[in-house]
Structure formats: C-alpha cells, structure tokens
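The values are calculated or read from the model by the stated rules, or taken from the named source; none is laboratory data. Bear in mind the structure is a predicted one, so any value in this text is a computation, not a measurement. Glycine gets a Cβ as well: all are built from the backbone with ideal geometry, and neighbour counts include every protein chain shown.
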C-alpha cells in the first residue's frame with residue numbers, strides 16, 4: 001500500500017506535538033502548518049493561514065491535527081468536503097468545563113459548538129488518556145475514538161547520577177496556573193519542609209512570579225525557563241516530582257520526570273493517578289498537610305526505578321508510534 005501524504009496541523013508546536021510531527025516525518029511525506037494560536041494578525045495574515053490549511057488538505061491524503069481548536073474546525077470541514085480523512089488529537093482543554101477556575105473551551109458557547117462538530121465529524125479522535133476519553137464521550141459521540149497515551153522518549157529522559165533531596169515541579173508560571181497547577185500548595189508545602197529544596201521551573205507571565213515570591217520560604221528556588229538539556233539535569237537530580245494540579249488530561253512533565261526516576265506526588269484529579277498509579281503518592285487537591293506527608297514519604301522512598309518502569313511499559317514514544325501507524329493504516333483502507 002502506498003504511503004499516504006499527511007497534513008500535520010497544530011496551533012503551537014509544543015514538545016508533545018513536535019514529537020508526533022518528527023515521528024510522522026520518519027514514516028510519511030508530511031506538510032506542516034502551525035497556526036500560532038487564535039485569530040490574530042492582519043486580515044491578510046489570517047487569509048494566508050486559511051489558504052495554507054485549505055491547500056494542505058487538498059494536497060494530502062490525511063489531516064493529522066493537534067487540538068480541537070479553530071484550525072481543526074476548518075480542516076475537518078474541508079476534509080469532509082474533499083473526501084479526505086481527518087484525525088484529531090484532543091489535548092484536554094478543549095473538552096474541559098471548569099467554571100471554578102475559569103478553565104476550558106466549553107465555557108465559550110461558540111467554541112463549544114466547534115469542539116462538538118470536530119469530535120463528531122473527524123474520522124478518528126485520539127484521546128491522550130482514559131480520563132480524557134471519558135470527558136470526550138460526555139461532550140459528543142465521535143465516529144471513532146482511540147485512546148493513545150502521549151509518548152515519552154525514555155532513552156532521552158533517563159536516569160543519571162545521584163539523587164538529591166530536591167522536590168521539583170515544572171509548568172508555565174501564570175496567575176491562572178497558581179490554582180490550576182497547584183503552585184500555592186507547592187509553596188505552602190515547602191514552608192513545612194524547610195530541610196528539602198523545592199524547585200519551580202518554568203517561564204513566567206503576568207506578574208505571577210512576584211506573587212509567588214512574596215509568600216515563598218527560603219527553600220524555594222525559581223529557575224525560570226530552561227533548555228531541555230538543563231531540564232533533564234534537574235529531573236535526574238530531583239528525588240521527588242510534584243504535579244499538584246486542579247486537573248490534567250495526561251501530565252507530560254510528570255511522565256518525563258518519572259522516566260528519570262523521580263518519585264511522583266500527584267493530586268487525585270484528572271489523569272494524574274492514571275499515569276502515576278501506585279509508583280508514588282496521590283493526595284487530595286489543595287490539601288497542604290496531605291501533600292507535606294506525601295512528599296516526606298517520597299523523599300525516603302526508593303520507588304524511582306519502579307516509576308521509570310511504568311513509563312517505559314505504558315507511555316513510551318515507540319508505543320505511541322506503533323498505535324498511530326496502525327490507525328493511519330486503517331484510515332487508508
């Protein structure tokens with residue numbers, strides 16, 4: 001069977017989207033269109049982007065789109081009209097409805113309608129976790145849905161060197177993420193564990209860093225954005241990785257850290273228990289004392305190799321590659 005040509009479409013080339021792009025490029029002829037987010041720029045720029053998407057759909061056999069956003073809405077519509085196949089990866093935000101923290105595309109009625117259209121009209125929807133699959137099915141009924149976990153490059157994200165009493169978390173530092181990612185709980189836990197070194201890595205926006213620094217004890221370090229090689233160094237040194245989120249549809253940074261033998265401490269929200277399972281510690285969201293107790297136990301734990309084994313067995317990039325190739329083959333038939 002002849003290899004299909006693929007239009008790879010995404011709003012932003014995040015690490016996990018880029019991983020899929022490189023994986024596809026190794027097996028198929030691929031055209032890439034990165035939209036850069038929402039409907040910004042001049043009319044001419046937006047028109048050029050629309051034409052790029054339409055041209056890409058016309059010249060390829062299968063549309064592989066990351067995120068059920070505006071770009072996917074246009075691509076799925078065009079694919080149906082041109083009798084092309086479409087596959088959409090739903091990241092999680094698209095099917096979230098969390099008014100308490102102002103999070104989720106479903107909070108916008110117009111966007112909610114587009115998300116439902118995408119889910120119902122794409123030839124295949126990929127959910128990144130069982131949790132995400134349940135959320136998807138509560139929103140709309142897809143023609144076909146497959147659960148394909150995000151893939152971690154376990155040969156790259158690997159252990160190395162001695163572990164230190166470092167408690168690490170990685171995320172974009174924004175005012176919204178103080179609650180969404182549980183950064184306030186992370187800071188509060190650090191205050192009660194002064195002997196441990198707490199490290200927050202991530203680019204900072206909108207004054208959030210100043211808010212966190214105002215209340216942070218001396219044992220919290222704010223590292224800022226780092227290159228991936230430096231990030232791996234932190235993963236390899238840290239004994240504990242915290243993901244204290246209000247919700248997560250997967251948790252790529254968590255899985256990367258576990259692949260480097262960090263012991264996970266996660267909340268009981270979203271897909272986090274699904275990823276960590278019994279290799280670490282699960283705590284209620286925003287429960288500082290439970291988080292402190294879990295981190296204390298994790299610092300004494302020797303479960304790092306068990307955490308890595310789980311990632312290698314269930315969440316490797318190779319497993320994702322094989323599953324996606326099988327799905328693409330069935331779309332051709």
Of (1) assigned to a helix (DSSP H, G or I); (2) in contact with a helix residue (DSSP H, G or I) (Cβ under 7 Å, 6 or more places away or on another chain), residue 328 satisfies every one except (2)
List pairs: first residue in segment 145-168 and assigned to a loop (DSSP other than H, G, I, E, B), second residue at pLDDT 95 or above and loosely packed, with under 15 Cβ neighbours inside 10 Å anywhere in the structure, Cβ distance under 7 angstrom, at least six positions apart or on different chains. 149/314
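Among the candidates 282, 275, which residue alone is under 15 Å from residue 129 (Cα atoms) and assigned by TED's automatic domain parsing to the domain that holds residue 231? Full working, then the answer.
Numbers: 282 fails: under 15 Å from residue 129 (Cα atoms).
Testing whether each residue is under 15 Å from residue 129 (Cα atoms) and assigned by TED's automatic domain parsing to the domain that holds residue 231 leaves just 275.
It is to be established whether one or more residues within segment 246-254 are without any contact (Cβ under 8 Å) to a residue 40 or more places away in the chain and not assigned by TED's automatic domain parsing to the domain that holds residue 20. Outline the logic, then answer.
Residues of segment 246-254 without any contact (Cβ under 8 Å) to a residue 40 or more places away in the chain: 251, 254.
If we keep only those that are not assigned by TED's automatic domain parsing to the domain that holds residue 20 as well, we get 251, 254.
There is at least one residue in segment 246-254 that is without any contact (Cβ under 8 Å) to a residue 40 or more places away in the chain and not assigned by TED's automatic domain parsing to the domain that holds residue 20.
Just for segment 105-139: of the residues that are surrounded by fewer than 16 Cβ atoms within 10 Å (Cβ to Cβ) and in contact (Cβ under 8 Å) with a residue 24 or more places away in the chain, which one is farthest from residue 248 (Cα to Cα)?
We begin by selecting, within segment 105-139, every residue surrounded by fewer than 16 Cβ atoms within 10 Å (Cβ to Cβ); these are 107-110, 113, 120, 130, 134, 137-138.
From what is left, the residues that are in contact (Cβ under 8 Å) with a residue 24 or more places away in the chain are 130, 138.
Working: 130: 12, 138: 17 Å.
Step by step, filter segment 105-139, then rank; the result is 138.
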Has segment 67-80 got any residue that is out of contact with any strand residue (DSSP E or B) (no Cβ under 7 Å at 6 or more places or on another chain), part of a loop (DSSP other than H, G, I, E, B), modelled with pLDDT under 95 and under 26 Å from residue 143 (Cα atoms)? yes
Would it be correct to say that residue 276 is modelled with pLDDT of 95 or more and either assigned to a strand (DSSP E or B) or over 18 Å from residue 164 (Cα atoms) (or both)? yes
Within segment 1-28, the residues that are surrounded by 13 or more Cβ atoms within 10 Å (Cβ to Cβ) and assigned to a loop (DSSP other than H, G, I, E, B) are 4, 5, 11, 12, 13, 14, 27, 28
